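Here the structure is laid out as structure tokens; the discussion comes afterwards.
Rule-based calculations on the coordinates, nothing more; no lab input. Since the structure is predicted, the reported quantities are computational estimates derived from the model, not experimental observations. Cβ coordinates were reconstructed from backbone atoms using ideal geometry, including for glycine residues, and neighbour counts include every protein chain displayed.
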Amino acid sequence: MNAEIKKQWVTALRSDKYEQGRGFLRKIDCFCAQGVLCDLYAKANNIDWKMKFGTSGRYSIVGMWDLIPNEVEKWAGLQEITNRMAKLQDKVVQMNDFHGYSFYEIADYIEQNL
């Protein structure tokens, strides 16, 4: 993973500027951990989130609303994915969406493992 983007992501997760959500990249003003990375991508590339019609406030980025887009993975240096890296990314999703870890705990994991 790109070291500078990783630092930005960890800092954003610890910033209390993002409200944590589960099961989507962004819903209104709530983000999952990977949604925070997508928001950093959007800001760095002057891209707007698009509200998905009929999805109760869910937003998409580069056409995706529930999975991290390839463009974001490439930008963040996550496309050099090995099986290990894919498992680590899946772990972030599991921590956020299914196990109730806080952004602080997820930031610690990213810092130590990605």
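Near Met51, the amide H atoms lying under 5 Å from its own belong to Ser60; only residues 5 or more places off or on other chains count, and H is placed 1.01 Å from N. Please give the helix 33-44 orientation as an angle from the longest Cα principal axis of the chain, in degrees from 0 to 90, rounded to the nearest 10. That works out to roughly 80 degrees. Over region 3-108, Cα pairs under 8 Å with separation of 6+ residues give a relative contact order of 29 percent. Take the Cα of Lys17, step 7 Å along the line toward its Cβ, and report every residue of region 38-68 whose backbone nitrogen sits under 20 Å from that point. Within reach of a label on Lys17: 38-50, 59-62. Were the residues from Asp66 through His99 laid out at 0.36 nm apart, the gain over their Cα-Cα distance would be 10.2 nm.
The string of couplings for region 20-28 from the Karplus curve (6.51, -1.76, 1.60, θ = phi - 60°) is 7, x, 9, x, 7, 5, 8, 9, 6 Hz, one whole number per residue in order, with x for Gly and Pro. Every Cα-Cα pair of the chain was included, and the share exceeding 22 Å stands at 24 percent. For the chain, the longest principal axis of the C-alpha atoms and the axis of helix 103-113 are separated by about 40°.
When the listed pairs Lys7/Lys43; Lys6/Lys74; Lys50/Lys87; Lys17/Lys74; Lys6/Lys87 are checked against a 20 Å cut-off, the alpha-carbon distance exceeds it for Lys50/Lys87; Lys17/Lys74. Using only the alpha-carbon atoms, how far is helix 3-14 inclined from the longest principal axis of the chain? Give it as 0 to 90 degrees, nearest 10. So the inclination is approximately 60 degrees. The residues Trp49, Trp9, when put in order of fewest to most other Cβ atoms within 10 Å, stand as Trp49, Trp9.
The spacing between region 95-109 and region 16-52, judged by their C-alpha centroids, is 16 Å. Taken about its Cα centre, region 20-114 carries a charge dipole of about 280 debye when Lys and Arg each add +1 at the Cβ and Asp and Glu each add -1 at the Cβ.
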